[in-house]
Amino acid sequence: AQSVAQPEDQVNVAEGNPLTVKCTYSVSGNPYLFWYVQYPNRGLQFLLKYITGDNLVKGSYGFEAEFNKSQTSFHLKKPSALVSDSALYFCAVRASSRTDKLIFGTGTRLQVFP
Amino acid sequence: EAGVTQFPSHSVIEKGQTVTLRCDPISGHDNLYWYRRVMGKEIKFLLHFVKESKQDESGMPNNRFLAERTGGTYSTLKVQPAELEDSGVYFCASSQNPAVTADTQYFGPGTRLTVL
């Protein structure tokens, strides 16, 4: 069955340091992968997606993610964290080629300390 | 361009009552999705409309949930009667073109439903 795993409930990083939020997936066929962010009292905001092509995808707010087919991973990264990046991050994968429904991970809370 | 809007932002009801959630997608978006996040767990798919038609309702938990999208514009999700386990945040999302592979879904702010 298709699934997404975000192994860390929370990631803590100091401002200015690089950050990584991990995501692994399990799907049959080609994966379509997404990252969303939820700021406090806000809805989910789209950050980036991987459909095909270059394994390194660049998105909003300086975030990027690297698709690794052999490790079935799609980790979210940023070279230099900001306090304002503190939020809840969700990784998602499209369930199959026959549907648009997304399967989400449980979310990772990112805390960036000044 | 206005984003996806949802109403109400919060709803507190008692077990056995009825609640109706509303979602207004981004103008021109044919696809409309409902998801919910229960008890801090993962966000789970409920159903997908293409215009006014239900494309996929495989995630609807039971027949207490009824979703409609009359005229292919806004959508409502009714829970009748509500149970305690229905508490959570209900998200609506929309995307533009059913023919586009993995078109980006844009989410609304969610409705937080609390059933007492």
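Residue under question is B:F49, and the condition is that it be more than 8 Å from every other protein chain (Cβ to nearest Cβ), open to solvent by less than 30 Å² (accessible area, probe 1.4 Å) and under 24 Å from A:F34 (Cα atoms); does it hold?
Spelling it out, B:F49 is indeed more than 8 Å from every other protein chain (Cβ to nearest Cβ), open to solvent by less than 30 Å² (accessible area, probe 1.4 Å) and under 24 Å from A:F34 (Cα atoms).
Any idea which of B:K41, B:K15 is more than 19 Å from B:S94 (Cα to Cα), open to solvent by 20 Å² or more (accessible area, probe 1.4 Å), of a type outside the set (V, I, T) and touching a Ser or Thr at 6+ places or on another chain (Cβ under 8 Å)?
B:K41
So, in the range A:87-114, how many residues would count as being under 22 Å from B:S58 (Cβ atoms) and hydrophobic (A, V, I, L, M, F, W, C)?
Within the range A:87-114, residues that are under 22 Å from B:S58 (Cβ atoms) and hydrophobic (A, V, I, L, M, F, W, C) number 8.
Output the residues belonging to the range A:74-97 that are surrounded by 15 or more Cβ atoms within 10 Å (Cβ to Cβ), modelled with pLDDT under 95 and either closer than 18 Å to A:G53 by Cα or of a type in the set (K, R) (or both).
Matches in the range A:74-97: A:V93, A:R94.
Hey, can you tell me all the residues within the range A:40-73 that are surrounded by fewer than 16 Cβ atoms within 10 Å (Cβ to Cβ), over 30 Å from B:T5 (Cβ atoms) and not polar (S, T, N, Q)?
A:G53, A:D54, A:L56, A:K69
Kindly indicate whether any position in the range A:19-28 is open to solvent by 50 Å² or more (accessible area, probe 1.4 Å), modelled with pLDDT of 95 or more and farther than 26 Å from B:C92 by Cα.
yes
Here are the criteria: (1) facing chain A (nearest Cβ under 8 Å); (2) open to solvent by 20 Å² or more (accessible area, probe 1.4 Å); (3) aliphatic (A, V, I, L, M). Tell me which single one B:V4 does not satisfy.
Condition not satisfied by B:V4: (2).
What are the residues in the range A:90-114 that are under 12 Å from A:Q6 (Cβ atoms) and more than 12 Å from chain B (Cβ to nearest Cβ), if any?
Scanning the range A:90-114 gives a single hit, A:L110.
Looking at this structure, is B:V19 over 23 Å from A:S96 (Cα atoms), touching a residue at least 60 places away in the same chain (Cβ under 8 Å), away from chain A (no Cβ under 14 Å) and not small (G, A, S)?
Considered against the rule, which asks whether it is over 23 Å from A:S96 (Cα atoms), touching a residue at least 60 places away in the same chain (Cβ under 8 Å), away from chain A (no Cβ under 14 Å) and not small (G, A, S), B:V19 comes out as yes.
Would you be able to tell me the number of residues in the range B:18-28 that are surrounded by fewer than 18 Cβ atoms within 10 Å (Cβ to Cβ), in a loop (DSSP other than H, G, I, E, B) and not β-branched (V, I, T)?
2
The values are calculated or read from the model by the stated rules, or taken from the named source; none is laboratory data. Bear in mind that the values here come from a model prediction, so they are computed numbers and not experimental data. So basically every Cβ, Gly included, is an ideal-geometry build from the backbone, and we count neighbours across all protein chains shown. For the accessible areas, the whole protein counts, side chains as well, though only heavy atoms, and no ligand, DNA or RNA atoms are used. Shrake-Rupley method; radii C 1.70, N 1.55, O 1.52, S 1.80 Å.
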